[in-house]
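Engineer: The structure's right below; bear with me while I get my questions together.
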Amino acid sequence: MAEKLLVTQALDERDLLVKKIGDKIAKASFTDVKKHNETKVMDARTEEETFRKDVESAYQQIMDLIKRFRKLDAAIVASNANTIIHTTFGDYTVAGAIALRSRMRGSGSYYEDSDFEGLLLDKMKSEVNNRLLAVDSKNKQLEATAESMRLSILGKETKTKDDKPLAVVATYVSENTAELVDPLDVRRKVDEIQERRTKLLSELDTQIKVSNATTFVEI
């Protein structure tokens with residue numbers, strides 16, 4: 001008769017089996033040494049027949065646990081591939097949602113190299129900041145040059161705080177002023193991507209948990 005479990009229960013048991021199987025393998029002994037003139041094996045210090053039975057029992061227990069793990073794992077994989085969850089950004093299978101979440105957190109097969117949204121955000125933020133610094137630097141240099149031009153034309157002794165720039169200087173400043181070329185409005189775009197990313201990850205987390213807590217698997 002098939003056994004029904006919630007996915008959360010299956011996941012918990014699968015995690016426990018990983019440790020349990022590992023512990024049993026580590027503690028098990030499958031071979032020993034015995035002298036021809038003795039009936040006990042040297043390490044276990046038990047009769048050979050008892051040792052044989054213990055070995056067979058330990059091996060069978062390990063294989064039974066592995067079989068249980070495989071059944072749980074197969075049931076979880078099948079459920080994840082067929083169960084649909086719903087988010088503001090679209091519908092996903094649980095398997096697809098888990099893969100997407102892992103990728104966006106940089107914990108998938110390619111680690112942070114596949115966190116494309118994160119890489120894009122970092123690139124856009126870094127670049128716009130550097131460009132703004134470059135604009136500011138160039139315009140400060142321009143203003144210093146323009147000031148030297150004014151002083152050269154007017155003479156330092158005739159310059160007052162209220163002096164208006166000469167037309168030629170004003171034209172030079174106007175033509176050489178640096179400005180940010182930003183077709184996407186990067187800072188606004190960064191906020192949009194970050195908001196979408198945060199919301200999607202939150203929804204994926206919530207919907208995966210809800211699905212796991214309400215979906216049954218049979219093993």
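The values are calculated or read from the model by the stated rules, or taken from the named source; none is laboratory data. Quick caveat: nothing in here was measured; it's all calculated off a predicted structure. Using ideal geometry, Cβ is built from the backbone for each residue, glycine included, and neighbour counts are taken over all protein chains shown.
Engineer: Could we say that LEU204 is of a type in the set (A, V, I, L, M, F, W, C), at pLDDT 95 or above and at negative phi here? Before you say what the answer is, go through the steps one by one.
Structural biologist: Values: of a type in the set (A, V, I, L, M, F, W, C): yes; at pLDDT 95 or above: yes; at negative phi: yes.
It is true that LEU204 is of a type in the set (A, V, I, L, M, F, W, C), at pLDDT 95 or above and at negative phi.
Engineer: Is there a residue in the stretch 27-43 that is under 30 Å from ILE208 (Cβ atoms) and among the charged types (D, E, K, R)?
Structural biologist: From the stretch 27-43, those under 30 Å from ILE208 (Cβ atoms) are none; that's our starting set.
Checked the stretch 27-43: no residue is under 30 Å from ILE208 (Cβ atoms) and among the charged types (D, E, K, R).
Engineer: Has the stretch 69-88 got any residue that is assigned to a helix (DSSP H, G or I), under 30 Å from LYS199 (Cα atoms), in contact (Cβ under 8 Å) with a residue 12 or more places away in the chain and of a type in the set (D, E, K, R)? Steps first, please.
Structural biologist: Restricting attention to the stretch 69-88, the residues satisfying the condition of being assigned to a helix (DSSP H, G or I) are 69-82.
Checking the rest, the ones that are also under 30 Å from LYS199 (Cα atoms) come to 73, 75-82.
Within this subset, residues satisfying the condition of being in contact (Cβ under 8 Å) with a residue 12 or more places away in the chain are 73, 75-81.
If we keep only those that are of a type in the set (D, E, K, R) as well, we get 73.
The answer is yes, given that some residue of the stretch 69-88 is assigned to a helix (DSSP H, G or I), under 30 Å from LYS199 (Cα atoms), in contact (Cβ under 8 Å) with a residue 12 or more places away in the chain and of a type in the set (D, E, K, R).
Engineer: Still on this model: With the condition kept exactly as written, say whether any residue in the stretch 48-62 is loosely packed, with under 11 Cβ neighbours inside 10 Å and within 27 Å of ALA10 (Cβ to Cβ). Walk me through it before giving the result.
Structural biologist: Of all residues in the stretch 48-62, those loosely packed, with under 11 Cβ neighbours inside 10 Å come to 49, 60.
Within this subset, residues satisfying the condition of being within 27 Å of ALA10 (Cβ to Cβ) are 60.
Yes.
Engineer: Looking only at residues that are among the hydrophobic types (A, V, I, L, M, F, W, C) and surrounded by 17 or more Cβ atoms within 10 Å (Cβ to Cβ) in the stretch 78-120, which one is nearest to the chain's Cα centre (by Cα)?
Structural biologist: Pass one, the stretch 78-120, residues among the hydrophobic types (A, V, I, L, M, F, W, C): 78, 81, 84-85, 89, 94-95, 97-100, 104, 116, 119-120.
Going one step further and asking which of them are surrounded by 17 or more Cβ atoms within 10 Å (Cβ to Cβ), we end up with 85, 94, 97, 100, 104.
Numbers: ILE85: 20, VAL94: 17, ALA97: 13, LEU100: 9, MET104: 5 Å.
Of everything passing the filter in the stretch 78-120, MET104 is nearest to the chain's Cα centre (by Cα).
Engineer: Determine, yes or no, whether ALA75 is more than 30 Å from GLN207 (Cβ to Cβ) and surrounded by 11 or more Cβ atoms within 10 Å (Cβ to Cβ).
Structural biologist: Judged against the criteria, ALA75 is not a match.
Engineer: Here's another thing I want to ask about it. Could you please find all residues in the stretch 172-219 being outside any helix (DSSP H, G or I) and within 30 Å of LYS4 (Cβ to Cβ)? Working first, answer last.
Structural biologist: Within the stretch 172-219, the first condition is being outside any helix (DSSP H, G or I), and the residues that meet it are 177-185, 215-219.
Scanning the stretch 172-219 gives THR215, PHE216, VAL217, GLU218, ILE219.
Engineer: Can you tell me which of ASP43, ASP23 is in the same structural domain as ALA58 (by TED's automatic domain parsing), surrounded by 10 or more Cβ atoms within 10 Å (Cβ to Cβ) and not in a loop (DSSP other than H, G, I, E, B)?
Structural biologist: None of the other options fit; the residue is ASP23.
Engineer: Could you identify the single residue in SER148, SER152 that is more than 30 Å from ASP205 (Cα to Cα), among the small types (Gly, Ala, Ser) and at pLDDT 90 or above? Lay out the reasoning, then the answer.
Structural biologist: Values: SER152 fails: at pLDDT 90 or above.
Answer to the check: SER148.
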